[in-house]
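The values are calculated or read from the model by the stated rules, or taken from the named source; none is laboratory data. Every value quoted in this text rests on a predicted model; they were computed, and no experiment measured them. Cβ placement follows ideal geometry from the backbone for every residue including glycine, while neighbour counts extend to all protein chains displayed.
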C-alpha cells in the first residue's frame, strides 16, 4: 500500500476528525518512541485500551519503517545529546569495531540521549500529526 493509499484510507474512516487524529497521533508517538521492537504490539494494545481505531493507530506507528528509522533515530539521538548536555560525555566511536557482543558497551553513553531525544521528538511529532490529520479530515469532509 502506498503512502497516498494510506492517507486516502485514513481520510475516509468513519468517526470524528478528533478521534481519527488522536488514533493517528498516538500511533506516531508509539512509532517514534524508544521502545524498539514493541511498536506494533504497543500500538494494538494502546488502541484497544483507549478505544481507538487500530488500523489508523498502526498507520501512525509505521511512520517508522526501514526507510525512516535511521534518520528518525539519528536525529532524535542528536537532539537528545543537545538537550541533555551529554556532548562532552560521548566518546569517539569506531563503528568498524562494533559487533553484537560489544554494541551495548560501545553505545551505552548514548542511551540517555536516545531515550530523552526520542521521547521529546515523538511528543512533538504526535502533536504535529494530530493537527495535520485533523485539518486534512475537516477540509476533505466539507
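Brief remarks on what is shown
- In summary, residue 48 fulfils each of the numbered conditions (1) touching a residue at least 40 places away in the same chain (Cβ under 8 Å); (2) under 23 Å from residue 133 (Cα atoms) with the single exception of condition (1).
- Flag if residue 52 is crowded, with 21+ Cβ neighbours inside 10 Å, out of contact with any strand residue (DSSP E or B) (no Cβ under 6 Å at 6 or more places or on another chain) and either within 17 Å of residue 6 (Cβ to Cβ) or modelled with pLDDT of 90 or more (or both): yes
- Residue count for the range 18-48, restricted to those that are within 29 Å of residue 139 (Cα to Cα) and not in a loop (DSSP other than H, G, I, E, B): 19.
- Among residues of the range 25-43, those that are over 9 Å from the mean Cα position of the chain (by Cα) and either surrounded by fewer than 17 Cβ atoms within 10 Å (Cβ to Cβ) or at pLDDT below 95 (or both), counted: 6
- Condition met for residue 66 (in a loop (DSSP other than H, G, I, E, B), within 13 Å of the chain's Cα centre (by Cα), within 22 Å of residue 35 (Cβ to Cβ) and free of Cβ contacts under 8 Å to residues at least 12 places away in the same chain): yes
- Evaluating residue 141 against the criteria (1) under 26 Å from residue 18 (Cβ atoms); (2) touching a helix residue (DSSP H, G or I) at 6+ places or on another chain (Cβ under 6 Å); (3) at pLDDT below 90 leaves one unmet condition, (2).
- Considering 108, 14, the condition of being more than 15 Å from the chain's Cα centre (by Cα), over 19 Å from residue 126 (Cβ atoms) and assigned to a loop (DSSP other than H, G, I, E, B) is satisfied by 14 alone.
- Leading residue by the ranking (surrounded by the most Cβ atoms within 10 Å (Cβ to Cβ)) among those in the range 4-19 that are over 13 Å from residue 52 (Cβ atoms) and touching a helix residue (DSSP H, G or I) at 6+ places or on another chain (Cβ under 8 Å): 17
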